[in-house]
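Student: Below is a structure I'd like to ask you about.
Values quoted throughout were computed directly from the atomic coordinates according to the rules given, and no laboratory measurement underlies them. What you see is a predicted model, and the numbers here were worked out from it, not measured in a lab. Using ideal geometry, Cβ is built from the backbone for each residue, glycine included, and neighbour counts are taken over all protein chains shown.
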Amino acid sequence: MVRHIIVLLLIFITVPATALADDKDPPSEDATRKQVDALIASFRDGNKKATAGMIEQAIGLSISFGAPTYNRGDHAACARFYSRTAESVVAAFADPNAATPAGRSSLDDLRAALERAKGEKDPDRVAWALRFAFDKNQLACVLQAQRAQGLVAMGEEYFKRSEFAESQDAFESAIVSLHELDGQALDTIPLGCRYATIALANSLFAQQKFSDASKAVVKGLDYVPQWPTVTVDLRSLHRDPAEYEAVLTVLENRVKENPSNPALQFLLGYEYWFTGRRVDAKVAFQHTLKLDPEHAGAKRFIDAAHRGAEGPRA
């Protein structure tokens, strides 16, 4: 396993370097700069902490312009773009509390690179000083993704043993790493990472923490928007399907006792959806929307129902 991870890391690290051999025309400098600035502003104006993932996205955009520009011989333009990106990110999140732990570490690396490049007249030296900090951030993102996927695998193993408190711990720990990747384009984050919140919902459901489970499903759909179209039977995740059915009965009774609770209605629809009871699921989702017309999760599943998503059989 360790050797496998090391190989993956080496592949990832060498990707940016090989990009320097790309002969494609660089994108528009102005357009790329606007994308970087908009990304930074979306976090700053939204009072969101700088993450390693957000910095990675800014870096990726910068490399998309800088690498081909460098290869065409314009080292100064590459160095200028890289420097401006680093300066913009560092300035936007200067407060120590404005970044996550991994984001703060990457910001420190960017500051150190800018300091080394200060007063440097050779643009080639400046470009590579900044590129070093960029590559360290990319490595940090790889490590966060590997950590999340490892914790999800651990959580699934404990879930299958019906050790639900431990599985919850593993999934919640995975989500910490997943949040460090926020800001990256969704399709660049491994599915094994993004699944963590969905997996947490299953663990919370198994412990009859229904309100928390419902919230986790809704959040999980932001990370895995295609989830309603996936074919999976939630009963099969348990060591014994009867264990699942017993909890489902508790949820059904809880819904009867609290018919005006949209979170419980949605969770019931979710459980029905992934146990083949699609008609019952749609009724529950429609009831959810009557109680909360803006419920994002119910809307996603109703949309999937209209598109005829397949699912497990009851």
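Student: What ³J(HN,Hα) values, in whole Hz, does the Karplus curve 6.51 cos²θ - 1.76 cosθ + 1.60 give for the range 189-204 when θ = phi - 60°, with x put for Gly and Pro?
Tutor: 8, x, 4, x, 7, 5, 6, 3, 6, 5, 4, 4, 4, 5, 5, 5
Student: Turning to a different aspect of this structure: Could I have the simple spin-label model distance between Arg307 and Asp169, label points 7 Å from Cα toward Cβ, reported in nm to one decimal?
Tutor: With each label point 7 Å from Cα toward Cβ, the separation is 3.9 nm.
Student: For the Cα atoms of the chain, what angle does the longest principal axis make with the long axis of helix 241-257, in degrees from 0 to 90, nearest 10?
Tutor: Between helix and principal axis, roughly 80 degrees.
Student: Here is a further query. Note down the nm distance, to one decimal, between modelled labels 7 Å out along Cα→Cβ at Thr229 and at Lys121.
Tutor: 5.8 nm
Student: Among Pro68, Pro262, Pro241, which one moves the most in a GNM of the chain with springs linking Cα atoms closer than 10 Å?
Tutor: In this elastic network of the chain, the residue with the biggest mean-square fluctuation among Pro68, Pro262, Pro241 is Pro241.
Student: Set the Förster radius R0 to 25 Å, insert the Cβ-Cβ distance between Leu191 and Leu139 as r into 1/(1 + (r/R0)^6), and round the FRET efficiency to 0.05. Let's see the in-between values first.
Tutor: Details: r = 21 Å, r/R0 = 0.83.
E(calc), rounded to 0.05, equals 0.75.
Student: Using a Förster distance of 22 Å, how high is the FRET efficiency between Ala153 and Val176, based on the Cβ-Cβ distance and rounded to 0.05? Display every interim value, and only then the final one.
Tutor: Details: r = 16 Å, r/R0 = 0.72.
Approximately 0.90, to the nearest 0.05.
Student: On to the next question. Please list, by residue number, every one of the trypsin sites (Lys or Arg not before Pro) in the range 112-193 that is coil in DSSP and has at most 16 other beta-carbon atoms within 10 Å.
Tutor: On the way: sites: Arg116, Lys118, Lys121, Arg125, Arg131, Lys136, Arg147, Lys160, Arg161; in loops: Lys118, Lys121, Arg161.
The qualifying sites are Lys118, Lys121, Arg161.
Student: I've got another one for you. How much mean residue ellipticity at 222 nm does the chain get from its helices, if each DSSP H run of length 4 or more adds -39500 (n - 2.57) and you divide by all residues, to the nearest 500 deg cm²/dmol?
Tutor: Numbers: 14 runs with 227 residues, N = 314.
Result for the chain: -24000 deg cm²/dmol, rounded to the nearest 500.
Student: Amide H of Asp182 versus every other amide H placed in the peptide plane: which residues, excluding those fewer than 5 positions away on the same chain, fall under 5 Å?
Tutor: Sorted by chain and number, the residues that satisfy this are Gly53.
Student: Compute the acute angle (0 to 90°) between the alpha-carbon long axis of helix 123-160 and the principal axis of greatest extent of the alpha-carbon atoms of the chain; round to the nearest 10°.
Tutor: On a 0 to 90 degree scale, this one is about 20.
Student: Now a separate question. Out of the trypsin sites (Lys or Arg not before Pro) in the range 241-314, which ones are loop residues according to DSSP with at most 15 other C-beta atoms within 10 Å?
Tutor: Details: sites: Arg254, Lys256, Arg277, Arg278, Lys282, Lys290, Lys299, Arg300, Arg307, Arg313; in loops: Arg277, Arg307, Arg313.
Answer by residue number: Arg307, Arg313.
Student: Under 1.5 on a/c is rounded, so check that first for the range 191-314, then, if it is not, pick prolate when a/b is larger than b/c and oblate when it is not; a ≥ b ≥ c are the square roots of the alpha carbon gyration tensor eigenvalues. All intermediate terms of the calculation are to be shown ahead of the outcome.
Tutor: Details: a/c = 1.24, a/b = 1.02, b/c = 1.21.
In terms of gyration-tensor shape, rounded.
Student: Moving to a separate point now. Please compute the contact order of the chain in relative form: average sequence separation of alpha-carbon pairs under 8 Å and at least six residues apart, divided by the residue count, as a percent. Kindly include the intermediate steps, with their values, before the conclusion.
Tutor: On the way: 441 pairs, mean separation 41.5, N = 314.
In percent, rounded to a whole number, it is 13.
Student: How high is the FRET efficiency from Ser105 to Glu252, r the C-beta distance, R0 41 Å, rounded to 0.05? Before the final figure, lay out the partial values.
Tutor: Numbers: r = 47 Å, r/R0 = 1.15.
Efficiency computed from Cβ-Cβ geometry: 0.30.
Student: Further, regarding this structure: What residues qualify as long-range amide H neighbours of Ser162, i.e. H under 5 Å apart, gap of 5 or more or another chain, H built at 1.01 Å from N?
Tutor: Here Arg239 satisfy the definition.
Student: Can I ask one more? Gaussian network model of the chain, Cα springs within a sub-10 Å range: biggest mean-square fluctuation belongs to which of Val250, Val126, Val217?
Tutor: The residue with the greatest mean-square fluctuation here is Val250.
Student: Modelling each spin label as a point 7 Å along the Cα-to-Cβ direction, I'd like the Glu87/Phe132 distance in nm, to one decimal.
Tutor: Output for this residue pair reads 2.0 nm.
Student: Using only Cα atoms, locate the centre of the range 128-182 and the centre of the range 235-314, then give the distance between them in Å, rounded to an integer.
Tutor: Rounded to whole Å, the Cα centres lie 29 Å apart.
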